[in-house]
């Protein structure tokens, strides 16, 4: 599989199309709906503590989920894997050209996650409606799904140069609310086996200290004889390239 | 990675020892009160203060009892990385550090092998031999030893027979072969059994510490 640097070979592929925008808009709708339901239910019941706590739990879980997904696609499968193939290829390309993510337009960047969120949230919300769930449940779903969907934007901000990130975002990164450039930068070192979480990065310390992903990799290795990519150094054609060198080469 | 005192590992609950019949620790040895918390972050099943270990080596009477400190382990003959047969009895007269590891070319095992390699001179100074064993075949061992310039013997525990016979416990519901090291003194008696899956370098520290007391 010959790697293609889309930023140089196909820059239009970084722009948002109307299809991308439609997916992202629908994604936002599917996330804002449970949040609205939660707000209404909280107002009715007069209790905000539970939904706020549930929202926080959703934010915390989203960080863990981002790490697990990121670990899985970084280590297993390839471009021809069903459903996830294009994501896996994109993540591999991202390791080689990490700065490209900062060139993607908003909807272009988020639409794959928006799609996943829509198809997950709609059935869950339908079930919650049937169960007549309260404010907390809707808050959890809305915030968790929202953070998952926006994680790709948080990820892009973690790659952006400090001066180009909005001040509020920089403050949130410094506070550890959003994943920071340093935290995520630690992931972008071969063999890419640490700091997988990209919402706040709060789980990274625990997951890496307790070697959770290494344990999972060992189990998969002994069960299915499949080696994760992070057990080997990246192949030469997939090594990270510096932005300046690549752009200079393209001129 | 600096690990001083860690909380109990959440995955400890998932450990399943191969050996169902024997209790986790023989009550006779007072040193077990020193055994620390989680299986993943190091259990020492013995300390250096043993009552008369070399005078009365205890032979395990039960067929399925695992090899523990104070036992004389059952002998074995396995092929090394050059395909030559090697018996445990070959090492009698000098201490042996026999370490069981999950598999060649996995991150923890590589770290462990390299740690033993980097401290090999210290082991030689203590007069000890280092021997690693896993279920991989001799050609896998040969490539592994060559890639990381390992100066010691690697044995192929074909079918993991010796691992089972010695009662090396597995981790995580039996999905992961355990990482356990035995220090056997020059009389062939086990003096230390150290288990730690996810901190492989500690096996070097613990075994060297014990060897200094022999």
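Taken together, the values in this text are just the output of simple stated rules run on the coordinates, not laboratory data. This structure is a prediction, so every number in the text was calculated from the model and none was measured. Note: ideal-geometry Cβ built from the backbone for every residue, glycine included; neighbour counts use all protein chains shown.
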Inverse of <1/r> over all distinct C-alpha pairs of the stretch A:1-150, i.e. the Kirkwood Rh in Å, gives 16.8 Å
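Per the Kirkwood treatment, what hydrodynamic radius in Å, one decimal, follows for the stretch B:57-211 from the mean inverse distance over all distinct Cα pairs? Provide the component values of the computation, followed by the final result.
Numbers: mean 1/r = 0.0652 Å⁻¹.
One decimal place: 15.3 Å for the Kirkwood radius.
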Computed over chain A: longest principal axis from alpha-carbon atoms vs helix A:18-45 long axis, angle to nearest 10 degrees, is 30 degrees
Expected unfolding gain across residue A:105-residue A:90 under the 0.36 nm per residue rule, minus the alpha-carbon gap, is 3.9 nm
Once normalised by the length of the stretch B:57-211, the mean sequence separation of its alpha carbon contacts under 8 Å that are 6 or more apart gives a contact order in percent of 31 percent
Going from the fewest other Cβ atoms within 10 Å to the most, one would list A:189, B:191 as A:189, B:191
Per GNM of chain A with C-alpha springs under 10 angstrom, the most fluctuating residue out of A:93, A:146, A:201 is A:93
Quotient of Cα radius of gyration and Kirkwood radius for the stretch A:173-218, i.e. Rg/Rh, equals 0.99
Computed over chain A: longest principal axis from alpha-carbon atoms vs helix A:85-96 long axis, angle to nearest 10 degrees, is 60 degrees
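Please give the calculated 222 nm ellipticity per residue for chain A, where each DSSP H segment of at least 4 residues contributes -39500 (n - 2.57) and the sum is spread over every residue; nearest 500 deg cm²/dmol?
Working: 11 runs with 161 residues, N = 251.
Value at 222 nm, helices only: -21000 deg cm²/dmol.
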Averaged over residues of A:205-214, the number of beta carbons from other chains lying within 10 Å of each residue's Cβ is 3
Note on chain A: contact order normalised by length, alpha-carbon pairs under 8 Å, 6 or more apart, percent, works out to 28 percent
Here the relative contact order (percent) of the stretch A:26-136, from C-alpha pairs under 8 Å and at least 6 apart, is 49 percent
Distance in nm between residue B:212 and residue A:122 label points, each 7 Å along Cα→Cβ, equals 6.7 nm
For chain A, longest principal axis from Cα atoms; helix A:135-159 axis from its Cα atoms; angle between them, nearest 10 degrees, is 20 degrees
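Percent of alpha carbon pairs in the stretch A:113-230 separated by more than 17 Å?
Of all Cα-Cα pairs in the stretch A:113-230, 66 percent lie more than 17 Å apart.
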Once residue A:131 and residue A:83 are pulled to full extension, the length gained, defined as 0.36 nm per residue separation minus their Cα-Cα distance, is 14.2 nm
Rounded to the nearest whole number, the per residue volume of the convex hull around the C-alpha atoms of chain A in Å³ is 150 Å³
By Cβ neighbour count within 10 Å, fewest first, B:99, A:59, A:192 rank A:59, A:192, B:99
